[in-house]
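The values are calculated or read from the model by the stated rules, or taken from the named source; none is laboratory data. Since we're looking at a predicted model, the values are computed, not measured. In this analysis, Cβ positions are derived from the backbone assuming ideal geometry, glycine residues included, and neighbour counts consider all displayed protein chains. For the accessible areas, the whole protein counts, side chains as well, though only heavy atoms, and no ligand, DNA or RNA atoms are used. Shrake-Rupley method; radii C 1.70, N 1.55, O 1.52, S 1.80 Å.
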Amino acid sequence: DDFWAENKPGALRRLGEQARWWEMTYRDWLDIIDLRAPGFRVLDVGCGFGQFVKVARGQGFQAIGLEPSEYAIHRSVAHPWVIDRAWEDWPSPGLWAAGRDCVSALWLMEHLENPGGFLEWAHACLARDGVLLVVVPNEGTRLQAVANTVAAKKGWWIDSTHLHYWGQASFHALLDKHGFDVIDELGTYPMEEFILAGMDYTND
């Protein structure tokens with residue numbers, strides 16, 4: 001419950017300053033969902049302040065969010081479509097006759113004690129042709145290793161709230177183990193490029 005208040009102070013302000021960029025990014029992801037998922041329902045797990053839910057609803061999706069942090073819920077931009085629940089406490093997927101068309105988990109899985117259990121739960125939640133939209137940090141890349149030799153702060157990507165670290169291959173293996181096929185893949189800009197170009201942000 002203290003994650004947003006104690007671990008990410010100022011996050012809501014920063015998200016507000018970056019709102020236009022995030023909205024464009026979320027619309028790109030929602031366009032992919034629209035192409036792949038059979039319907040228009042989205043369940044955003046660990047939705048934080050609800051920005052993705054808000055944009056999804058603005059795009060015509062029937063989107064709701066699950067968020068266990070009272071701090072985030074009270075400041076959510078997506079009331080009343082954010083529910084005070086963790087995924088483990090959400091009703092059994094078997095109660096949802098039609099399932100969900102998309103389960104989204106944006107920068108969530110690296111924080112979970114049991115990411116495999118989450119994937120099993122998400123798989124059970126989804127309709128037969130449903131889609132899992134998941135975003136995780138891509139760690140252990142060659143570019144990251146090179147940048148680490150010159151960065152002011154070594155291992156700057158290590159975070160006290162991250163319990164798991166994946167690269168592309170290891171995350172693909174995890175998804176495959178729990179019954180998911182990768183049908184599309186995107187990456188954000190590799191920030192290590194800035195370090196190698198002499199703009200070392202790792203102490204900031």
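How much of the calculated P(r) for the stretch 38-139 lies past 20 Å, in percent of all Cα pairs?
Numbers: 1734 of 5151 pairs.
Cα-Cα pairs of the stretch 38-139 separated by over 20 Å account for 34 percent.
Return the lysines within reach of residue 154: Cα separation strictly under 26 angstrom, same-chain partners fewer than 8 residues apart disregarded; answer none if there are no such residues.
Within reach: 8.
By how many nm would the segment from residue 88 to residue 120 grow when fully extended, if each residue of separation counts as 0.36 nm and the alpha-carbon distance is taken off?
10.4 nm is the gain from fully extending residue 88 to residue 120.
For the stretch 85-204, would you read off the P(r) tail past 24 Å as a percentage of all alpha carbon pairs?
38
What's the ranking of 39-47, 166-174, 182-190 by average number of surrounding C-beta atoms within 10 Å, highest first?
39-47, 166-174, 182-190
Can you tell me how much longer the chain between residue 148 and residue 21 gets when fully stretched, taken as 0.36 nm per residue apart minus their C-alpha distance, in nm with one decimal? Write down the numbers at each step before the final one.
Working: separation 127, 0.36 × 127 = 45.72 nm, distance 2.79 nm.
This chain segment gains 42.9 nm when fully extended.
Normalise the Debye intensity by I(0) for the chain, one equal point scatterer per Cα, no solvent, then take log10 at q = 0.09 Å⁻¹ and round to two decimals.
Values, matching the q order: -0.37.
Rounded to the nearest 500, what is the chain's calculated 222 nm mean residue ellipticity when only DSSP H runs of at least 4 contribute -39500 (n - 2.57) each, over all residues?
Numbers: 8 runs with 71 residues, N = 204.
Helix contribution divided over all residues of the chain: -10000 deg cm²/dmol.
Which far-off residues, 5 or more places away or on another chain, put their amide H under 5 Å from the one on residue 106, with H placed in the peptide plane?
45, 135
Using a 7 Å offset from the Cα along the Cα-to-Cβ direction at both residue 40 and residue 189, what is the distance between the two label points in nm, to one decimal?
With each label placed 7 Å out from Cα toward Cβ, I get 3.4 nm.
Using a probe of 1.4 angstrom, how much of the accessible area of the stretch 3-66 is carbon and sulfur, in percent?
50
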